[in-house]
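One structure is given below, encoded as structure tokens.
The values are calculated or read from the model by the stated rules, or taken from the named source; none is laboratory data. Because the structure is a prediction, the values reported are computed rather than measured. Cβ: placed from backbone, ideal geometry, glycine included. Neighbour counts: every protein chain shown.
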């Protein structure tokens with residue numbers, strides 16, 4: 001039996017196919033995802049692919065890797081087995097995250113099947129099709145089993161009994177655990193020999209896209225506490241949440257704080273386009289005005305976005321607030337002077353791209369004229385970690401000293417936000433959890449973000 005490649009619409013299905021074909025002791029060599037099909041990029045589907053082999057073939061590979069005097073033994077083994085060596089290897093972090101996500105997908109799939117298997121006449125089942133011989137005759141042929149969706153003649157064709165499903169999921173979990181344990185042992189992290197409950201938490205944190213470094217730190221701290229005393233499940237999660245919360249710096253409360261000098265408390269919101277600055281500004285204005293009875297003035301510099309001024313003018317009219325428009329530093333100085341009798345002055349700025357240095361300079365000059373007490377960088381929770389870090393780096397040069405995280409109701413995972421807050425080092429001031437004004441905004445609390453990472457409901 002050689003090396004085989006499996007493709008499916010979920011990683012759980014590919015893992016299950018590998019287990020059924022190669023046995024429960026199958027060894028996963030590689031995983032990746034790619035998109036296929038569709039017309040002009042529309043309706044393309046994500047395909048999950050894994051490469052696996054039997055335990056005895058994996059042992060042969062390890063022997064070849066360690067053989068003296070053969071620096072290219074691994075590559076020769078891969079070539080002999082028919083595995084293309086041109087594709088870059090998937091990193092341990094990526095492989096770990098994908099496998100962790102596979103468990104969640106498998107559980108969701110099992111739940112959906114159990115609810116609808118008896119009532120869905122057009123259910124789909126998986127059919128395997130061999131791809132045939134490789135293009136080059138040299139060496140053993142590469143056997144690839146690609147899984148495609150075909151209509152099932154009988155809706156129960158998909159059906160397995162619940163005990164069978166549970167056993168299959170348990171075996172898949174064991175395979176994932178073996179991969180995670182090997183990775184943790186290699187880097188000598190605390191995930192090397194985890195008990196069942198700690199391993200489940202490790203898997204949960206990785207599945208939330210928390211970095212492996214921070215996950216190791218959390219698990220190591222929790223395990224140290226478990227060595228001193230026995231923790232039940234609720235206490236275990238509370239301890240993990242406490243250590244997670246320590247990773248997120250939090251700003252002093254903005255609402256209902258007053259100005260430290262004789263000017264209005266001046267707060268500017270900055271950030272890239274489309275992150276929700278104007279909506280967040282309206283929520284802050286409503287909180288100050290309606291809940292804390294402060295006199296609030298608004299200034300907008302956003303004349304680039306269509307109807308941006310009209311949007312803020314509508315909010316101002318509903319709440320009953322004065323609004324000024326300032327396009328230049330001189331106009332900003334005049335607008336601030338006209339609103340000098342207010343308790344709070346909120347400034348809405350135009351979105352700027354992190355690579356647009358010229359407009360970032362314009363923004364810096366406007367902020368210098370306003371001289372705000374607080375500059376909040378607004379970031380969207382739907383962006384990738386790399387994008388968020390780049391935006392934070394660019395706007396730090398403009399003078400951002402606090403972070404607002406918006407659109408948590410649209411976020412795929414919350415661990416990324418902890419990674420970013422830990423890397424950026426700026427304090428969290430607010431989070432927004434929806435579009436409603438003045439609701440769906442909260443002052444930043446590290447405990448709240450930690451609980452979201454551990455599965456708490458956003459709107460409880």
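General observations
- Candidates 240, 285, 268: the one that is buried (at least 19 other Cβ atoms within 10 Å of the Cβ) and within 20 Å of the chain's Cα centre (by Cα) is 240.
Per-residue answers, yes or no, for (1) modelled with pLDDT under 80; (2) part of a helix (DSSP H, G or I); (3) assigned by TED's automatic domain parsing to the domain that holds residue 287; (4) under 25 Å from residue 427 (Cβ atoms):
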{"position": "163", "(1), (2), (3), (4)": "yes, yes, no, no"}
{"position": "172", "(1), (2), (3), (4)": "yes, yes, no, no"}
{"position": "175", "(1), (2), (3), (4)": "yes, yes, no, no"}
{"position": "197", "(1), (2), (3), (4)": "no, yes, no, no"}
{"position": "214", "(1), (2), (3), (4)": "no, yes, no, yes"}
{"position": "255", "(1), (2), (3), (4)": "no, no, no, yes"}
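- Out of 314, 303, 278, sole residue that is in the same structural domain as residue 354 (by TED's automatic domain parsing), more than 22 Å from residue 429 (Cβ to Cβ), touching a helix residue (DSSP H, G or I) at 6+ places or on another chain (Cβ under 8 Å) and not in a strand (DSSP E or B): 303
- Residue match in the stretch 340-354 (condition: closer than 21 Å to residue 253 by Cβ and under 29 Å from the mean Cα position of the chain (by Cα)): no
- Members of the stretch 417-439 that are within 10 Å of the chain's Cα centre (by Cα) and surrounded by 23 or more Cβ atoms within 10 Å (Cβ to Cβ): 417, 418
- Residue among 325, 344 that alone is surrounded by 14 or more Cβ atoms within 10 Å (Cβ to Cβ), in contact with a strand residue (DSSP E or B) (Cβ under 6 Å, 6 or more places away or on another chain) and modelled with pLDDT under 95: 325
- Residue within the stretch 390-411 that is surrounded by fewer than 16 Cβ atoms within 10 Å (Cβ to Cβ) and within 30 Å of residue 198 (Cβ to Cβ) present: no
- Among the residues of the stretch 358-388, those that are more than 24 Å from residue 254 (Cα to Cα) and within 16 Å of the chain's Cα centre (by Cα) comprise 382, 383, 384, 385, 386, 387.
- Among the criteria (1) part of a helix (DSSP H, G or I); (2) modelled with pLDDT of 75 or more, the one residue 64 does not fulfil is (2).
- All positions within the stretch 6-38 that are without any contact (Cβ under 8 Å) to a residue 12 or more places away in the chain and either in a strand (DSSP E or B) or touching a helix residue (DSSP H, G or I) at 6+ places or on another chain (Cβ under 7 Å) (or both): 36
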